[in-house]
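Contents: one structure, followed by commentary.
The values are calculated or read from the model by the stated rules, or taken from the named source; none is laboratory data. Only a predicted model underlies this, so the values are computations on that prediction, with no experimental measurement involved. Positions of Cβ are backbone-derived with ideal geometry, glycine not excepted, and every protein chain shown enters the neighbour counts.
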Amino acid sequence: METENKNISWNDFSKIDMRIGTIISAEVFKETKKPAYKLIVDFGEFGKRKTSAQITKRYQPENLIGKQVIAVVNFPPKQIANIMSECLILGAVGNNNDVILIQPENKADNGLKIG
């Protein structure tokens, strides 16, 4: 699968606010059309944010609690079923939409900026 390479500027990249957070709540999101989990992620001084993640092929809700993830936190809120998603957790998307979460190698402070 080829992807068209479109360069962005450093200024464009600097607008993306990516932060480390810890998943503190994870449950099956029954109201979505595609299998997903409803998550709450703690970003330290940036607060706790809700989101939906289609990561059900590789992860179970009980195993997500305490995992640190990287998320974009400056997208506008987006309605997903009956919640407003307040961040976008990053992952690598493989075959059949199998998502592998992107995580820090070592434990880091919640809210730490990725840059």
query = So which residues in segment 1-51 are in a strand (DSSP E or B) and either under 17 Å from GLY115 (Cα atoms) or free of Cβ contacts under 8 Å to residues at least 12 places away in the same chain (or both), if there are any at all?
reply = MET18, ARG19, ILE20, GLY21
So PHE13, is it farther than 16 Å from GLY91 by Cβ, surrounded by 15 or more Cβ atoms within 10 Å (Cβ to Cβ), in contact with a Gly (Cβ under 9 Å, 6 or more places away or on another chain) and hydrophobic (A, V, I, L, M, F, W, C) = no
inquiry  = Condition first: surrounded by 16 or more Cβ atoms within 10 Å (Cβ to Cβ), farther than 18 Å from ILE102 by Cβ, at pLDDT 95 or above and not charged (D, E, K, R). Now tell me which residues in segment 22-39 satisfy that.
reply    = PHE29
remark   = The one condition ASP42 fails out of (1) closer than 29 Å to ASP12 by Cα; (2) loosely packed, with under 13 Cβ neighbours inside 10 Å; (3) of a type outside the set (A, V, I, L, M) is (2)
key: Subset of segment 58-115 that is without any contact (Cβ under 8 Å) to a residue 24 or more places away in the chain and among the small types (Gly, Ala, Ser) - its residue that is nearest to TRP10 (Cα to Cα)   = ALA92
query = Is it the case that GLU62 is part of a strand (DSSP E or B), modelled with pLDDT of 95 or more and loosely packed, with under 13 Cβ neighbours inside 10 Å?
reply = no
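Rundown of residues vs (1) closer than 18 Å to PHE46 by Cβ; (2) among the β-branched types (Val, Ile, Thr); (3) in contact with a Lys or Arg (Cβ under 9 Å, 6 or more places away or on another chain); (4) surrounded by 13 or more Cβ atoms within 10 Å (Cβ to Cβ), yes/no style:
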site: SER85; (1), (2), (3), (4): yes, no, yes, yes
site: VAL93; (1), (2), (3), (4): no, yes, no, no
site: GLU105; (1), (2), (3), (4): no, no, no, no
site: ILE114; (1), (2), (3), (4): yes, yes, yes, yes
ask   = Given the structure, is GLY47 farther than 18 Å from ILE102 by Cα and either surrounded by fewer than 17 Cβ atoms within 10 Å (Cβ to Cβ) or at pLDDT 95 or above (or both)?
value = yes
